[in-house]
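S.K.: After the structure tokens below, expect a handful of questions from me.
Nothing in this text is a laboratory measurement; each read-out follows from the coordinates by a stated rule. Keep in mind it's a predicted model, so treat the numbers as computed, not measured. With ideal geometry, Cβ positions are generated from the backbone for all residues, glycine too; neighbour counts draw on all protein chains shown.
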Amino acid sequence: MPIFPARFRMIRLLGFRMEQNQNQTLPPKKAESRVFSYIRTCFLTGILVTAPVALSLYIVWSILIWVDETVGHILPIHLMGEDSIPGLGIIAAVGFFILVGWFARNFIGALMLRAFDYILERLPLVKTVYNALKQVFEMLMGKQAQAFREVVMVQFPRDGSWVVGFLAGKTEGEFKDALGETYYNVFVPTTPNPTSGFLILSPEHEIKRVNMTVDEGLKAIVSCGLIMPKSTPPK
């Protein structure tokens, strides 16, 4: 086995084998290029593995800290000049939502909630924002929580060009009366920001249903098509 210079010892540690035959030995510059390429690949892989976990933990932790500090400042314990208790604000916020939910489910709470809705729905400007937010939360957390649970494909913006969307249900109301036949509401999010997009009213025969979950569809959209779900063989 030939004796290598000190600068090539890293190559051996990374798994590069040098052949005894001089004709098969890599030139020094090419060997160094492979070393740097391997290090760069490991570096990028480390970022790819670490960044999503670190950012997710950071965002969740920041939200918890914000809730804890915001709610904690309005608790009586702070008015008495004592030090804050970590986590007390989160516990208080969870308890508050549970208490409000319990109160809204009984008879008196339901009456008060209807009276509150009656007042807000008659205030200029406030009623527009309130009704929109109320419908969104009812759709995401209420009885309509099954909306946006099916991934579909529709032709947009022209025939022969397909986009990924989420089925939101049948078209109702004035839109249904104007179209005169059965149409479906399809939300087509933009890439890579799925919070905005287009609402497409499409007939059923022009909708292709896709055998994937909403999470898989969102991953494909957010990643700009880099992360695509594997095809599921028909049963």
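S.K.: What net charge is computed for the residues neighbouring residue 222, neighbours being all others with C-beta under 14 Å from the C-beta of residue 222, Lys and Arg scored +1, Asp and Glu -1? Intermediate results must be reported in sequence, preceding the final value.
M.R.: Values: positive: 219; negative: 215, 216.
Cβ neighbours under 14 Å give a net charge of -1.
S.K.: Report the calculated FRET efficiency for residue 199 and residue 34 (r = Cβ-Cβ distance, R0 = 35 Å), to the nearest 0.05.
M.R.: 0.10
S.K.: Arranged from highest to lowest average of other beta-carbon atoms within 10 Å per residue, in what order do the peptides 88-99, 109-120 appear?
M.R.: Numbers: 88-99: 13.6, 109-120: 11.9.
Those peptides, ordered most packed to least, come out 88-99, 109-120.
S.K.: Shifting gears a bit: At q = 0.22 Å⁻¹, what is the base-10 log of I(q)/I(0) for the stretch 156-235 according to the Debye formula with one equal point scatterer per Cα and no solvent? Please give it to two decimals.
M.R.: Cα-only, vacuum Debye calculation for the stretch 156-235: -1.11.
S.K.: Show me the ranking of peptides 200-206, 49-55 by mean Cβ neighbours inside 10 Å, starting with the highest. Numbers along the way, then the final one.
M.R.: On the way: 200-206: 14.3, 49-55: 10.0.
In descending order of packing, they fall as 200-206, 49-55.
S.K.: To the nearest 0.05, what FRET efficiency results for residue 98 and residue 54 with a Förster distance of 25 Å applied to their C-beta separation?
M.R.: On the way: r = 32 Å, r/R0 = 1.27.
The formula returns an efficiency of 0.20 here.
S.K.: Could I get the Rg over Rh figure for the stretch 88-139? Both from C-alpha atoms, Rh via Kirkwood, rounded to two places. It would help to have the intermediate numbers written out before the result.
M.R.: Values: Rg = 13.3 Å, Rh = 12.5 Å.
Over the Cα atoms of the stretch 88-139, Rg/Rh equals 1.06.
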